[in-house]
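The next block holds one structure in the form of structure tokens; read it before the comments.
The values are calculated or read from the model by the stated rules, or taken from the named source; none is laboratory data. In this text the structure is predicted, and so the values were computed from the model without any measurement. Positions of Cβ are generated from backbone atoms using ideal geometry, with glycine treated the same way; all protein chains shown enter the neighbour counts. Each accessible area value is taken on the protein alone, full model and side chains, heavy atoms only, with ligands, DNA and RNA left out. Shrake-Rupley method; radii C 1.70, N 1.55, O 1.52, S 1.80 Å.
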Amino acid sequence: MIHINENFLNLQDSYLFSTVAKKVAEFQKNNPDKKVIKLGIGDVTKPIVPAVIEAMHKATDELANAETFRGYGPEQGYDFLKNAIVENDFKNLGIEPDEIFVSDGAKCDCGNIVDIFAQNNKVAITDPVYPVYLDTNVMSGRSGSYNEKNQMYENIVYMPVNKENHFVPELPKTKVDIIYLCFPNNPTGTVLKKEELQKFVNYAKENKAIILFDAAYEVFITEDNVPHSIYEIDGAKEVAIEFRSFSKTAGFTGVRCAYSVVPKTVYGYTASGEKISLNKLWNRRTTTKFNGVSYVVQRAAEATYSQEGRKQILENIRYYQENAKIIKNGLIEAGFEVYGGVNSPYIWLKTPHHMKSWEFFDELLEKANVVGTPGSGFGPSGEGYFRLTAFGTQENSIEAIKRIKEIKW
Ligand code: MLT
């Protein structure tokens, strides 16, 4: 008899964005004449820029030719891309190419990284949180059971981020081993200043813990003193793994390319206290379970760093930043309490009249035919909040705000 991994039975409902998609599909089916505007999942709408498309075409042609054909590439990524990453994203931060692991998505990296950690590690997440960090730890048996009452897992340490603490999580009060941080934050769109992140790095050093730092949205940072990489923080190279993605930066949500940074100076420990390099473990895991990102896609990612590529991509980022402004200012004018949207493509609003997040979702869909993501789907502290993304078209962002303003909340 085949036995299942029963940890999966411990997961809540379906994956957040699948639930939202299902509800929207149902609404569309019943209201085929309504033009629904989707500002829910953070998926980009701008096409891939010409410099990147050109690189993809060129790489495709290379594959058609016996002299330039490529089969399996290095599991960790081609040197040309790893060198470009180090040179452009980590200049003067002391990161080396063999600390970069190119992959098909930061979501996969954040999910897969748990493979290299023991089951009895204590995990801390912010609340609300990108669901992947939590769900993958539930799947791998680190969460303990779910408490319906407080909507929390018994073995997970939740670090609330809300307006009361200005969206800056407090250090865990109990000792933890793995800390997930995502800044600019998904879903709240808020950021940590250097000195705030330094406290977490210090905590990790003191407690021999690790920080899993998701920097997928760093390109949207506009303010000073907000770190783009955790390696800007003293001591982080000893305690942090960073995840980056080309999805939101270069519009690769469909193309798929990302990377993780695992410094050779980051260690974990065996039960008997022996120090083990996490870079070595992750490399071992990668070579066994992954055969690398396609050559064409890695050439595309490389082209995002060319002068022309960078310029074209920045234009797209400015476009999304303008959307964020339109949405944020529009919501403020409509009387909403709004956070994020300045260093991030996410706008986090407080629902009016203490409405529950899902109630607001339904009303917004019904009355304005606009889709967003309910804050409670990201964790109990997200209840009463709601997320909109700036990744739609400008036309839709303007129209969504117009419709929201027309409703009497
Ligand atoms: C989101 O909407 O939170 C993101 O698009 C999800 C993801 O990047 O997987």
Original post:
Using a Gaussian network model of the chain with C-alpha springs under 10 Å, which one of Ile347, Ile37, Ile276 is most mobile by mean-square fluctuation?
Top reply: Ile276
Subject >> Ellipsoid equivalent to segment 144-287 - semi-axes via the Cα gyration tensor, in Å >> reply: 23, 22, 17
**OP:** Using a 1.4 Å probe over the heavy atoms of the protein chains, calculate the carbon and sulfur portion of the accessible area of segment 53-306 as a whole percent.
**Re:** 48 percent
**OP:** Take the chain, connect every pair of alpha-carbon atoms lying under 10 Å apart with a spring to form a Gaussian network, then pick out the residue of Pro32, Pro184, Pro160 with the largest mean-square fluctuation.
**Re:** Pro32
**OP:** Evaluate the charge dipole of the chain about its Cα centre and quote only its size in Debye, nearest 20, assuming +1 on the Cβ of each Lys and Arg and -1 on the Cβ of each Asp and Glu.
**Re:** 420 debye
Original post:
Considering only Asn137, Tyr231, Leu171, whose Cα is most displaced toward the positive end of the charge dipole of segment 53-306, charges sitting on Cβ of Lys, Arg (+1) and Asp, Glu (-1)?
Top reply: Asn137
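For segment 70-164, which chymotrypsin sites (Phe, Trp or Tyr not before Pro) pass both filters: DSSP loop (anything but H, G, I, E, B) and at most 12 other C-beta atoms within 10 Å?
On the way: sites: Tyr72, Tyr78, Phe80, Phe90, Phe101, Phe117, Tyr133, Tyr146, Tyr153, Tyr158; in loops: Tyr72, Tyr78, Phe90, Phe117.
Hits after loop and neighbour filter: Tyr72.
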Subject >> Cleavage-rule hits (trypsin sites (Lys or Arg not before Pro)) in segment 148-194: DSSP loop, at most 13 neighbouring Cβ within 10 angstrom >> reply: Lys149, Lys173, Lys175
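With the convex hull built on the Cα atoms of segment 1-116, state its orientation-averaged projected area in nm².
Mean projected area of the Cα convex hull: 14.4 nm².
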Original post:
What pairs in Lys149/Lys208; Lys38/Lys350; Lys122/Lys237; Lys205/Lys289; Lys149/Lys194 have C-alpha atoms more than 26 Å from each other?
Top reply: Lys149/Lys208; Lys205/Lys289; Lys149/Lys194
**OP:** May I ask for the net charge around Tyr269, where only other residues with Cβ less than 11 Å from the Cβ of Tyr269 are counted and Lys, Arg are +1 while Asp, Glu are -1?
**Re:** 0
**OP:** Find the accessible area per residue for the chain; the probe is 1.4 Å, ligands and nucleic acids are left out, and the unit is Å².
**Re:** 46 Å²
Original post:
Once you treat every alpha carbon in the chain as an equal point and sum by Debye, what is log10 I(q)/I(0) at q = 0.11 Å⁻¹?
Top reply: -0.85
**OP:** Return the whole-Å distance between the Cα centroid of segment 1-23 and the Cα centroid of segment 334-381.
**Re:** 24 Å
Original post:
On the first, second and third principal axes, largest extent first, how far apart are the outermost C-alpha atoms of segment 76-233 in Å?
Top reply: 50, 33, 28
Subject >> Extreme residue, positive dipole direction of the chain, given options Ser306, Thr351, Gly340 (C-beta unit charges) >> reply: Thr351
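222 nm [θ] for the chain, helices only, -39500 (n - 2.57) per DSSP H run of 4+, per residue, to 500?
-10500 deg cm²/dmol
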Subject >> Estimated distance in nm for a label pair at Gln12 and Glu337, the labels positioned 7 Å out from Cα along Cα-to-Cβ >> reply: 2.1 nm
Original post:
If you find the alpha carbon centre of segment 138-178 and of segment 283-327, how far apart are they in angstrom?
Top reply: 31 Å
Original post:
Taking a quarter of the surface of the convex hull around the Cα atoms of segment 355-409, what do you get in nm²?
Top reply: 3.7 nm²
**OP:** Counting only GluC sites (Glu not before Pro) that are in a DSSP loop and have at most 16 other C-beta atoms within 10 Å, tell me the longest site-free stretch of the chain.
**Re:** 275-409
Original post:
If you bin the C-alpha pair distances of segment 256-360 every 10 Å from 0, what whole percents do you get?
Top reply: 11, 21, 20, 24, 20, 3
**OP:** For an R0 of 22 angstrom, estimate the FRET efficiency from the Cβ-Cβ distance between Ala118 and Asp234 and round to the nearest 0.05.
**Re:** 0.20
**OP:** Multiply the residue separation of Ser272 and Glu87 by 0.36 nm, subtract the distance between their alpha-carbon atoms, and state the gained length in nm to one decimal.
**Re:** 62.8 nm
Subject >> Cα-based Rg / Dmax (Å) for segment 81-164 >> reply: 16.5, 49
